[in-house]
Amino acid sequence: MQRHGQPSALSPRPSAPTPDHVPPPPPATDLGPLSHAEMDALMGMDDNARFGRFTVEELEYVQGGAVAWSIEAWQGSDADRLHVRSEGERQDGRTGPADIEAFWSHAVAPFWNSLLGVRRDFGAGPQRTWAALGVEGIAPFWFDVDATFYIDRSGRTAFRIEAEYDLLLGQRLVLQPRLELDAYGKDDPERGVGSGLSGIGAALRLRHEIRREFAPYVGIEHSRTFGRSADFARAAGRPVTETRWVAGLRFWF
């Protein structure tokens, strides 16, 4: 019978320490309690650190000879940023409908930012300047959504909503569906837009990320105008419904 406190002959013997194991040295400094600011500085977790990015979302050749662009850049912190973006199209030496926007972007919730700024329309027709208010973020199921309301000094109003989604088909192959809707509060014949729902654009682009920062793509886009905007398009000899192939590059740094 084994007495309490005495090892049995069948009990495993304690293993000898392996010669390769070297215990880590004790901390050289006793940090003690740290404030939030001190912890941020020590571990590099400063939410107010400033950084930026320049992205050419679309630089593409469009069937029919046009060149289109969609560019955005931002600079700032996780909470507050200056955000600039532009999109448009150029063909036969002329710039078609195009715009540039500048916003102050402020984080209001996880994955969501408010936008406050201005938009400038240029290219075809007279230039227009709008005050802009909107939101951008990631909706459920990881849809990127951007919704913006505009008003100019003459009382014109406009609304634009964009949504896109990156569907991973492989490590470097990405299929991106995209939808855009534009609406206006008043007719603006000089720029060819009418009140109500003006147009809807849908696109599907397949890109190959040679690197995450550089990806050629091909795709197809379909657009349609409605209501008074369609009437203005017919009067100007432009198509009301159009489907075009595109090929281009997406890159960022």
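FRET efficiency for Leu116 and Gln171, Cβ-Cβ distance as r, R0 = 35 Å, nearest 0.05?
Working: r = 38 Å, r/R0 = 1.09.
Given R0 = 35 Å and the Cβ-Cβ separation, E is 0.35.
Which far-off residues, 5 or more places away or on another chain, put their amide H under 5 Å from the one on Gly194, with H placed in the peptide plane?
Counting only residues 5 or more places away or on other chains, the set is Asp188, Ser229.
With θ set to phi - 60°, apply the Karplus curve 6.51 cos²θ - 1.76 cosθ + 1.60 along region 174-187 and write out the HN-Hα couplings as whole Hz, x wherever there is a Gly or Pro.
Listing the rounded values in order: 10, 9, 10, x, 8, 9, 9, 10, 10, 9, 10, x, 9, 5 Hz.
How far apart, in nm, are the 7 Å Cα→Cβ label points at Ser154 and Leu82?
3.0 nm
Per residue of region 154-165, in order, report the coupling 6.51 cos²θ - 1.76 cosθ + 1.60 (Karplus, θ = phi - 60°) as ³J(HN,Hα) in whole Hz, putting x for Gly and Pro.
So the J values, rounded to whole Hz, are 8, x, 5, 10, 8, 9, 9, 10, 10, 9, 8, 8.
Would you work out if the chain is rounded, prolate or oblate? Take a ≥ b ≥ c from the square roots of the eigenvalues of the alpha-carbon gyration tensor; rounded if a/c is under 1.5, else prolate when a/b is larger than b/c, oblate otherwise.
Details: a/c = 3.24, a/b = 2.34, b/c = 1.39.
It comes out prolate by the Cα gyration axes.
From Cα pairs below 8 angstrom and at least 6 apart in sequence, can you work out the relative contact order of the chain, rounded to a whole percent? Write out the running numbers ahead of the final one.
Values: 554 pairs, mean separation 31.0, N = 253.
Contact order relative to length: 12 percent.
With a cut-off of at most 16 other beta carbons within 10 Å, and DSSP calling the residue loop, which trypsin sites (Lys or Arg not before Pro) in region 175-253 qualify? Please list them. Walk me through the numbers before you get to the answer.
Values: sites: Arg178, Lys186, Arg191, Arg205, Arg207, Arg211, Arg212, Arg224, Arg228, Arg234, Arg244, Arg250; in loops: Lys186, Arg212.
Filter output for region 175-253: Lys186, Arg212.
If a/c stays under 1.5 just call it rounded; otherwise compare a/b with b/c (prolate if a/b is bigger, oblate if not). Do that for region 66-211, with a ≥ b ≥ c from the square roots of the Cα gyration tensor eigenvalues. Before the final figure, lay out the partial values.
On the way: a/c = 1.75, a/b = 1.28, b/c = 1.37.
Note, shape of region 66-211 comes out oblate.
What percent do you get for the relative contact order of region 91-198 when only Cα pairs under 8 Å and 6+ apart count? Please list the in-between numbers first.
Working: 224 pairs, mean separation 17.0, N = 108.
This gives 16 percent for region 91-198.
Just check region 193-249 against the gyration tensor rule for me: Cα atoms, a ≥ b ≥ c as the square roots of the eigenvalues, rounded for a/c under 1.5, and otherwise prolate or oblate depending on whether a/b exceeds b/c. Could the numbers behind the result be given before it?
Values: a/c = 4.06, a/b = 2.92, b/c = 1.39.
Prolate is the answer for region 193-249, as a/c is 1.5 or above and a/b outweighs b/c.
Values in this text are rule-based calculations from the coordinates and carry no lab data. The shown structure was predicted, so the numbers you read here are calculated from the model rather than taken from an experiment. All Cβ positions, even for glycine, are placed from backbone atoms using ideal geometry, and neighbour counts span all protein chains on display.
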